[in-house]
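The values are calculated or read from the model by the stated rules, or taken from the named source; none is laboratory data. Just so it is clear, the model here is predicted, and its values are computed rather than measured. Cβ atoms come from the backbone with ideal geometry, glycine included; neighbour counts cover every protein chain shown. Just the protein is used for accessible areas: all its heavy atoms, side chains included, with ligands, DNA and RNA removed. Shrake-Rupley method; radii C 1.70, N 1.55, O 1.52, S 1.80 Å.
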Amino acid sequence: MPDTLSKLAKPAGATRPKTRPGRGVGSGLGKTAGRGQKGQKARSTGGMGRLRFQGGQTPMQRRLPKRGFRNPFADIVAEINVGELEAFDAGATIDENVLREFGILRGRADKVKILGDGDLTKKLVIRAHAFSKGATDKITKAGGQAIVLAPPEPKPVQPKAEAKPAAKKSAKKPAKA
């Protein structure tokens, strides 16, 4: 008999080997492997494990109306408020790289736009792709400069795969009389 709880062991036969369906009649789950006879659930690709499967009824994504358009080529614009730039020292030059170093700008961004929310009291030179009217006013009022950068180079468009020429149909042979 063990003297401490840390030395307790499972009784013999408590841990059983993992069942292996479809490994012979003697396993108890042979032949149909516990799936029963025929039907959707008996098939290997029954499809019930699919994400958003709704019992065979028309799925939600097909019932809902499709509206609008999402441009896959649209530029991702990072929006930064003037108030966030107050953290920098007076006279600093701020661009995308500096914003990333400070952790203000994270993730993928094609363009940087400065917006006018918040207050700016320091003279800063800010380089960005776009400025709102309010942001430009606040930056110049504080004695700084808002320098507009050239737009980034357009993303390369993937060329479409060339269509294969249609196979020539053979001329029909006249039927024998």
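Please enumerate the residues belonging to the range 14-33 that are modelled with pLDDT of 90 or more and small (Gly, Ala, Ser).
Of everything in the range 14-33, those that are modelled with pLDDT of 90 or more and small (Gly, Ala, Ser) turn out to be Ala14, Gly22, Gly24, Gly30, Ala33.
Count, please, the residues in the range 103-124 that happen to be part of a strand (DSSP E or B) and farther than 18 Å from Pro152 by Cα.
Of the range 103-124, the ones part of a strand (DSSP E or B) are 111-115.
Subsequent filtering for residues that are farther than 18 Å from Pro152 by Cα retains 115.
Residues in the range 103-124 being part of a strand (DSSP E or B) and farther than 18 Å from Pro152 by Cα: 1 in total.
Mind checking whether some residue in the range 90-106 is surrounded by fewer than 13 Cβ atoms within 10 Å (Cβ to Cβ) and in contact (Cβ under 8 Å) with a residue 24 or more places away in the chain?
yes
Just need a number here: residues in the range 29-85 that are outside any loop (DSSP other than H, G, I, E, B), within 30 Å of Gly107 (Cβ to Cβ) and open to solvent by 100 Å² or more (accessible area, probe 1.4 Å). Break it down into steps so the answer makes sense when it comes.
At the first step, the residues of the range 29-85 found to be outside any loop (DSSP other than H, G, I, E, B) are 40-42, 60-63, 77-85.
Of the ones still in play, those that are also within 30 Å of Gly107 (Cβ to Cβ) are 60-61, 77-85.
So of that shortlist, the ones also open to solvent by 100 Å² or more (accessible area, probe 1.4 Å) come out as 79.
Total satisfying the criteria: 1.
Is it the case that some residue within the range 148-158 is outside any helix (DSSP H, G or I), at pLDDT below 95 and under 30 Å from Arg52 (Cα atoms)?
No, the conditions are met nowhere in the range 148-158.
What residue, among those in the range 112-121 that are open to solvent by less than 60 Å² (accessible area, probe 1.4 Å) and over 14 Å from Ile147 (Cβ atoms), is nearest to the chain's Cα centre (by Cα)? Explain how you work it out, then say what you get.
The first filter runs over the range 112-121 and keeps only residues open to solvent by less than 60 Å² (accessible area, probe 1.4 Å), leaving 112, 114-116, 118, 120.
Subset that is over 14 Å from Ile147 (Cβ atoms): 115-116, 118, 120.
Working: Leu115: 26, Gly116: 30, Gly118: 31, Leu120: 35 Å.
So the residue we want is Leu115.
Is it fair to say Arg127 is open to solvent by 40 Å² or more (accessible area, probe 1.4 Å), in a strand (DSSP E or B), under 22 Å from Asp89 (Cβ atoms) and free of Cβ contacts under 8 Å to residues at least 60 places away in the same chain? Please lay out each step first, then the result.
Details: open to solvent by 40 Å² or more (accessible area, probe 1.4 Å): yes; in a strand (DSSP E or B): yes; under 22 Å from Asp89 (Cβ atoms): yes; free of Cβ contacts under 8 Å to residues at least 60 places away in the same chain: yes.
For Arg127, the condition - open to solvent by 40 Å² or more (accessible area, probe 1.4 Å), in a strand (DSSP E or B), under 22 Å from Asp89 (Cβ atoms) and free of Cβ contacts under 8 Å to residues at least 60 places away in the same chain - is met.
When both residues are 6+ apart or on different chains and their Cβ atoms are under 8 Å apart, which pairs have a first residue that lies in the range 7-25 and is of a type in the set (Ser, Thr, Tyr), and a second that is open to solvent by less than 100 Å² (accessible area, probe 1.4 Å)?
Thr19/Ser27; Thr19/Gly28; Thr19/Leu29
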